[in-house]
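Since the structure comes first, as structure tokens, the remarks are kept for the end.
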Amino acid sequence: MTGAPLPRDEDERLAELASFGILDTAAEAAYDEIVELAAELCGTSMAALSLVDADRQWWKARVGLDATGTPREIAFCSHAILGDDVFVVPDATSDPRFADNLTRVRGEVRAAMPGRRVELAFLDLDEPLVGAVLDELTSDGEDVTVVPLLLGDGYHSRFDLPVLLDAARRRHPGVSVAQTPVLGSTSLAGALVDRLREAGFRSGDGVVMYGVGSSDERSDDAARSRGAEVATLVGLPVEVVFATKLGENAVELHAALARLRAAGAQRIVGLPYFLSPGLLTERVEALLDGPVAAPLADHPDVISAIVVQAAPFSSNTADRRRMTTMAVRDVGIC
């Protein structure tokens, strides 16, 4: 999704929002009834009352969503507040390539972990949601390990997911529900280099690697470190950009491409730091004129990293059957 510009009255808008004193307040029946009615009238499984703060959208009330909000740069509501008309967005998650990649990942993890039930769950914008899957798996008293399929350790892994796991623990106090580090905490530089080679990468090329981008700078720094590792492995320049932070007219991407050409790159190869293709990868790739590598998807290093993340938790509970849930976000997987 293209990041939205700030409204002209942004300072005044934020001041008025703050004056309401509503951010981060507890649920209230009046607001819950509004979103329940909206879902019923629109015939949808999800609805939310969203408040757009300086760097996030926060949901005062929600139906069918476990998360409490999203970073502002990937929020549809950051576009909606730019006008007074009804803002209609087509289905942003029904990309069959996304589903196919995740299905293959789940199949490979199941094959690598015989005897363990492995399921996919989503934080928002797609189903099944994490909370529902946790309830299903823990209802029989089984312990659960949640492996976040996130390449950055940001808002969702540090805040949203722990809240959901804590809620599951309260509902099922006799069950262990553990969260592993995010998938991106393991270096997947070797897998990224493999994808470059599959795309026909050659001497004299430059690489632009693109991830989602996060409101947590530590997450973006981790992606930059992966880019540096790739540069070391291939011995050629790598620039890292973020699909939600390209700037007006994609100025950040064009600057990165210019730096690569100034460094002598005869051709520039696109390298997605994503598990699956989708709207965000397409946003960058539409502006590239060279070859583009495939996303990480079910590369063996990805499968190995998931198995390694889950394995230490299962070894501590050898007497109990262990379930593994892979928590995913929406398109692009941040």
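Taken together, the residues in the stretch 176-193 that are closer than 17 Å to PRO272 by Cβ and over 16 Å from the mean Cα position of the chain (by Cα) amount to 7.
With respect to the conditions (1) in contact (Cβ under 8 Å) with a residue 40 or more places away in the chain; (2) among the basic types (Lys, Arg); (3) touching a Gly at 6+ places or on another chain (Cβ under 9 Å); (4) in a helix (DSSP H, G or I), ARG283 falls short on a single one, namely (3). Taking the stretch 253-280 as the range and being loosely packed, with under 14 Cβ neighbours inside 10 Å and not in a helix (DSSP H, G or I) as the test, the residues that pass are ALA263, GLY264, GLN266.
Determine if the stretch 195-211 includes at least one residue that is in a helix (DSSP H, G or I), touching a helix residue (DSSP H, G or I) at 6+ places or on another chain (Cβ under 8 Å) and within 28 Å of PRO148 (Cα to Cα). Yes: one or more hits.
Taking the criterion of being out of contact with any helix residue (DSSP H, G or I) (no Cβ under 7 Å at 6 or more places or on another chain) and over 14 Å from TRP58 (Cβ atoms), the residues of the stretch 6-27 that qualify are LEU6, ARG8, ASP9, GLU10, ASP11, GLU12, ARG13, ALA15, GLU16, SER19. Residues that are under 19 Å from the mean Cα position of the chain (by Cα) and more than 25 Å from PRO300 (Cα to Cα) within the stretch 135-155 comprise just one, TYR155. If you go through the stretch 253-310 and keep only what is of a type in the set (Asp, Glu) and farther than 21 Å from GLU229 by Cα, you end up with GLU282, GLU285, ASP289. Taking the stretch 1-118 as the region of interest, the strands (runs of 3 or more DSSP E) fully inside it that hold 1 or more residues being modelled with pLDDT of 85 or more and more than 17 Å from the chain's Cα centre (by Cα) are 47-52, 56-63.
The values are calculated or read from the model by the stated rules, or taken from the named source; none is laboratory data. Predicted model only: the values in this text are computed from it and were never measured. Virtual Cβ from ideal backbone geometry, glycine too; neighbours counted across all protein chains shown.
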